[in-house]
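First up is the structure itself, then whatever we jot down about it.
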Amino acid sequence: MKVYCGTYHKYNCGSLAGEWIDLTDFTDKEDFLAYCAELHKDEEDPEFMYQDYEDIPAAFISESWVSEMLWEMPDDIDIEALGAFMDNYGINADDSDLFDKFEESYQGKWDSFEQYAEQWFDDVYLHDVPDHIRYYIDYEKFARDLEMDYAYIGGYVFRDF
């Protein structure tokens, strides 16, 4: 997760002077902001401007704000899936239960929802269904039924909560 930090003053004066900063180099938001202040110590009271970012869901950052939750994010989380989850369910970046909700809902990445439905069916019911009957199962219709409780967004599957 990286952000390009400049200041509004420099930008208004026609300068994009700043630096790409790797957020994983800091233990918390306070350390990050202290680094930004040191970076722009040529200004008396710099207003930080986050002009660009990489690998950060849009809900966690704006031109003038960075969420503290970025430093609480689990290391193994799929950032793109998290962004899709937040957008789909309208969850705020500062929701204290965000990561628990995501972990509970996230089912993985699939090429299609029907592929997910087939795997779900196989995992849950296949041991009860004889092999010769399996080929008669209409996974497309089964997937449509699952869509009442699941969402397929950009290749990611989420269970509604």
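Quick one: what pairs do we get from region 11-23, first residue touching a residue at least 12 places away in the same chain (Cβ under 8 Å), second assigned to a loop (DSSP other than H, G, I, E, B) and hydrophobic (A, V, I, L, M, F, W, C), C-beta under 6 Å, 6+ apart or different chains?
That search, which allows pairs on different chains as well, returns L23/M1.
Hey, among Y139, Y89, Y150, which residue is in contact with a strand residue (DSSP E or B) (Cβ under 6 Å, 6 or more places away or on another chain) and among the aromatic types (F, W, Y)?
Y150
Scan region 20-52 for residues that are among the acidic types (D, E) and assigned to a helix (DSSP H, G or I) and jot them down.
Passing the criteria: D25, E30, D31, E38.
Rundown of residues vs (1) within 18 Å of D31 (Cβ to Cβ); (2) in the same structural domain as L16 (by TED's automatic domain parsing); (3) within 13 Å of the chain's Cα centre (by Cα); (4) of a type in the set (A, V, I, L, M, F, W, C), yes/no style:
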position	(1), (2), (3), (4)
P57	no, yes, yes, no
F60	yes, yes, yes, yes
V66	yes, yes, no, yes
A81	no, no, yes, yes
Y89	no, no, yes, no
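Does F161 fit the bill of being within 30 Å of M73 (Cα to Cα) and loosely packed, with under 15 Cβ neighbours inside 10 Å?
Judged against the criteria, F161 is a match.
From the set of residues in region 113-122 that are under 20 Å from E80 (Cβ atoms) and either touching a residue at least 24 places away in the same chain (Cβ under 8 Å) or in contact with a strand residue (DSSP E or B) (Cβ under 7 Å, 6 or more places away or on another chain) (or both), which is surrounded by the fewest Cβ atoms within 10 Å (Cβ to Cβ)?
Filtering region 113-122 for residues that are under 20 Å from E80 (Cβ atoms) and either touching a residue at least 24 places away in the same chain (Cβ under 8 Å) or in contact with a strand residue (DSSP E or B) (Cβ under 7 Å, 6 or more places away or on another chain) (or both), the one surrounded by the fewest Cβ atoms within 10 Å (Cβ to Cβ) comes out as F113.
The values are calculated or read from the model by the stated rules, or taken from the named source; none is laboratory data. Please read all numbers here as calculations on a predicted model, not as lab measurements. Positions of Cβ are generated from backbone atoms using ideal geometry, with glycine treated the same way; all protein chains shown enter the neighbour counts.
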